1. Within the group Ile20, Ile38, Ile28, which residue is more than 14 Å from Leu74 (Cα to Cα) and of a type in the set (Val, Ile, Thr)?
2. Could we say that Glu8 is within 19 Å of Gln99 (Cα to Cα) and in contact with a helix residue (DSSP H, G or I) (Cβ under 9 Å, 6 or more places away or on another chain) here?
3. So, Leu49, is that one among the aliphatic types (A, V, I, L, M) and modelled with pLDDT under 95 or not?
4. One residue is enough: does segment 118-140 have a residue meeting the conditions surrounded by fewer than 19 Cβ atoms within 10 Å (Cβ to Cβ), touching a Leu at 6+ places or on another chain (Cβ under 7 Å) and of a type in the set (S, T, N, Q)?
5. Could you pull out the residue among Asp68, Asp63 that is surrounded by fewer than 16 Cβ atoms within 10 Å (Cβ to Cβ), under 20 Å from Ala133 (Cβ atoms) and in contact (Cβ under 8 Å) with a residue 40 or more places away in the chain?
6. On the given criteria, is Ile10 in contact (Cβ under 8 Å) with a residue 12 or more places away in the chain, touching a Lys or Arg at 6+ places or on another chain (Cβ under 9 Å) and either open to solvent by less than 40 Å² (accessible area, probe 1.4 Å) or farther than 19 Å from Tyr137 by Cβ (or both)?
7. Restricting attention to segment 31-60, which residues are free of Cβ contacts under 8 Å to residues at least 40 places away in the same chain and open to solvent by less than 40 Å² (accessible area, probe 1.4 Å)?
Amino acid sequence: MAIYFSTENINFNLKNKLRIKKWIAEVIKREGKTPGDIGYVFCDDAYLLEANIEYLNHDTYTDIITFDYVEGDLISGDMMISVDRIRENATIFGVSFEQELHRVIIHGVLHLLGNKDKSEKDAAKMRKLEEKALAVYDELS
């Protein structure tokens with residue numbers, strides 16, 4: 001198991017990397033699954049938009065794209081996160097940049113765990129799961 005963080009097109013330094021890695025692994029383990037290789041690429045809006053068009057045929061800005069490589073109970077995948085979207089959404093939602101970043105980081109993991117968010121019902125469930133997972137982060141402090 002390894003959790004990787006990298007950047008594309010931006011100067012960004014993720015704070016508390018070790019704690020975030022432990023948190024991601026703990027959320028996965030609490031679901032009875034095994035953490036595999038998980039990669040995060042932090043980028044700008046333009047880079048993520050290009051990837052969204054290329055890989056998903058979606059010509060829209062988004063905060064995260066999740067690529068699922070899950071095999072059985074081994075949770076693996078890659079995620080691309082727009083730091084621009086995180087910054088803007090934090091302002092819109094009235095939360096800190098870190099809070100919004102953590103929500104999006106774990107949102108991708110929740111997708112890898114099989115959770116969806118396309119319908120209103122699924123989106124509401126996803127929000128509850130995000131809150132539950134964010135509480136796990138606080139437990140690790």
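The values are calculated or read from the model by the stated rules, or taken from the named source; none is laboratory data. In this text the structure is predicted, and so the values were computed from the model without any measurement. Here the Cβ is made from the backbone with ideal geometry for all residues, glycine too, and neighbour counts use every protein chain on show. In case anyone asks, the SASA skips ligands and DNA or RNA and just uses the protein heavy atoms, side chains included. Shrake-Rupley method; radii C 1.70, N 1.55, O 1.52, S 1.80 Å.
1. Values: Ile38 fails: more than 14 Å from Leu74 (Cα to Cα); Ile28 fails: more than 14 Å from Leu74 (Cα to Cα).
On inspection, the qualifying residue turns out to be Ile20.
2. On the way: within 19 Å of Gln99 (Cα to Cα): no; in contact with a helix residue (DSSP H, G or I) (Cβ under 9 Å, 6 or more places away or on another chain): yes.
When the stated conditions are applied, Glu8 does not pass them.
3. Numbers: among the aliphatic types (A, V, I, L, M): yes; modelled with pLDDT under 95: no.
Against the criterion (among the aliphatic types (A, V, I, L, M) and modelled with pLDDT under 95), Leu49 does not qualify.
4. no
5. Values: Asp63 fails: surrounded by fewer than 16 Cβ atoms within 10 Å (Cβ to Cβ).
After ruling out the rest, the residue left standing is Asp68.
6. On the way: in contact (Cβ under 8 Å) with a residue 12 or more places away in the chain: yes; touching a Lys or Arg at 6+ places or on another chain (Cβ under 9 Å): no; either open to solvent by less than 40 Å² (accessible area, probe 1.4 Å) or farther than 19 Å from Tyr137 by Cβ (or both): yes.
Taking the combined requirement at face value, the residue does not satisfy it.
7. Leu48, Leu49, Ala51, Asn52
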